[in-house]
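Have a look at the structure below, then the notes.
Every number here is computed from the coordinates shown, using simple stated rules; none is lab data. Keep in mind it's a predicted model, so treat the numbers as computed, not measured. Reconstructed Cβ throughout: ideal geometry from the backbone, glycine too, with neighbour counts over all protein chains shown.
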Amino acid sequence: MLGSWSQSQLMSSSNSHDRREEEETDHPRPPTAFHMRQLLVSCADLISQSDYSAAKRFFSILSSNSSPYGDSTERLVHQFIRALSLRLNRPGISPSTAPAALVFDNNMVTSRPCGSTSNDHKMLISYESDQEALRSCYLSLNKITPFIRFCHLTANQAILESIQVGQEAIHIIDFDIMHGVQWPPLMQALAERSNDTLQSPPMLRITGTGQDLNVLHRTGERLSKFAQSLGLRFHFHPLLLLNNDPTSLALYLPSAITLLPDEALAVNCVLYLHRFLKDDSRELLLFLHKIKALNPRVVTVAEREANHSNPLFLQRFLEALDHYTALFDSLEATLPPTSRERLAVEQVWFGREIMDIVAAEGEGRRERHQKFETWEMILKSVGLVKVPLSPFALSQAKILLRLHYPSDGYQLQILNNSFFLGWQNQSLFSVSSWQ
């Protein structure tokens with residue numbers, strides 16, 4: 001874990017760095033992780049003050065001591081310096097004060113001078129448009145880290161416990177279902193519970209939302225085949241969300257969802273609600289009020305445990321640096337240096353997030369994660385009541401970590417009847433259940 005850095009130290013670092021560099025010319029030493037953090041934060045601080053010429057001096061040092069293939073510190077610095085480079089190449093900033101922008105593709109990372117800004121913003125947009133690469137990285141993320149599986153497993157247990165034995169029909173609305181990897185374990189649990197109680201398994205309907213109809217259809221086909229292998233009656237309904245517009249989604253949601261009589265409804269929001277956050281909470285509150293009006297048995301919520309929604313750039317940068325330091329450290333400790341899956345996850349998935357948090361501003365910024373205390377306040381404000389997660393859900397999460405991700409670094413905590421999973425002393429993901 002990289003150390004923290006105070007505001008007073010930021011200023012002294014920017015003033016004293018050149019002097020230290022001269023002193024170490026005769027005996028150069030590789031910078032430590034702490035020193036690299038100092039340089040990163042000093043650079044971000046100068047950018048926040050619009051002192052771009054001074055910030056530019058840090059780029060050559062940071063770039064020469066970072067690499068997407070190095071240790072966790074080098075890889076982390078590479079992602080953040082790339083994001084800072086893009087931020088400096090936004091419209092309104094003189095090209096003469098901006099460093100070379102790092103250009104990324106799936107196979108290599110190079111740099112080029114930026115004479116104009118349009119290409120750099122097209123690069124940011126390309127991260128959003130290359131959904132196939134993101135979906136592939138999502139599967140890798142689900143495989144090599146416990147975080148997504150922890151969210152799915154805990155949410156599934158909350159859904160299962162909210163549905164009474166003997167319930168004839170279950171309807172799950174899954175926002176941004178992607179590959180649907182969350183649901184086969186729940187299907188299996190429903191089938192096993194029916195066998196144990198000698199009752200017919202319930203009819204299961206899943207409404208899965210997404211932005212690509214072909215992907216939704218393929219997801220539905222896979223889930224249908226798996227349900228058939230278990231003897232479960234199953235229907236899948238794709239719900240296409242064009243442009244991922246939160247306002248239109250909230251407005252037409254009730255008419256787009258068909259609820260059948262005697263059907264128990266569960267709403268699944270895993271790593272989804274933060275997409276509604278803008279400079280105010282109106283769209284999010286509208287969406288949650290519509291969800292509440294559907295009268296679900298349970299609403300499962302999983303989110304990042306980080307505040308990346310701060311309108312102040314430097315504060316957002318510091319929070320992101322702490323959050324992704326812990327994530328990169330966890331990957332460093334649990335995967336081999338040659339792991340191609342880790343490289344793809346760091347560069348494509350986490351890299352896209354870091355670029356959004358650091359380089360984007362205003363309405364263009366989408367990764368607006370909030371900490372659990374904020375989500376708790378918002379969910380309660382629309383009339384939802386927290387349902388404590390069960391001891392059995394806790395034991396399942398512990399088994400997941402012990403069997404598939406055996407490392408002392410992963411830390412599981414229970415706070416306010418909700419679960420938190422993190423690395424070392426930093427919580428990274430939270431899961432909660434509501435009604």
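The table below lists the values:
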item: Extreme residue, positive dipole direction of the stretch 255-322, given options N268, F313, N295 (C-beta unit charges); result: N295
item: Pairwise label distance in nanometres, A333 with L294, each label 7 Å out on the Cα-Cβ vector; result: 3.8
item: Subset of K143/K225; K290/K386; K143/K371; K143/K398; K56/K278 violating a 20 Å alpha-carbon distance limit; result: K143/K225; K143/K371; K56/K278
item: For the stretch 282-435: rounded, prolate or oblate by the Cα gyration tensor [a/c cutoff 1.5]; result: oblate
item: Extension reserve of the K225-D176 stretch, reckoned as 0.36 nm per residue once the Cα distance is removed; result: 15.6 nm
item: Contour excess over end-to-end distance, with Cα ends at A189 and Y252 and 0.36 nm allotted per residue; result: 19.4 nm
item: Point-charge dipole on Cβ atoms (K/R +1, D/E -1) for the stretch 292-331, about Cα centre, debye to 20; result: 340
item: Peptides ranked, highest mean first, by Cβ atoms within 10 Å: ranges 189-199, 80-90; result: 80-90, 189-199
item: Cα-projected label distance for T197 with H235, points at 7 Å along beta-carbon direction, nm; result: 2.2
item: Computed Kirkwood radius, in angstrom, where 1/r is averaged over Cα pairs of the stretch 177-273; result: 14.6
item: Qualifying GluC sites (Glu not before Pro) for the stretch 318-410 [loop in DSSP, other Cβ within 10 Å: at most 13]; result: E361
item: Cα→Cβ-extended label distance, 7 Å offset, between R135 and K386, nm; result: 3.6
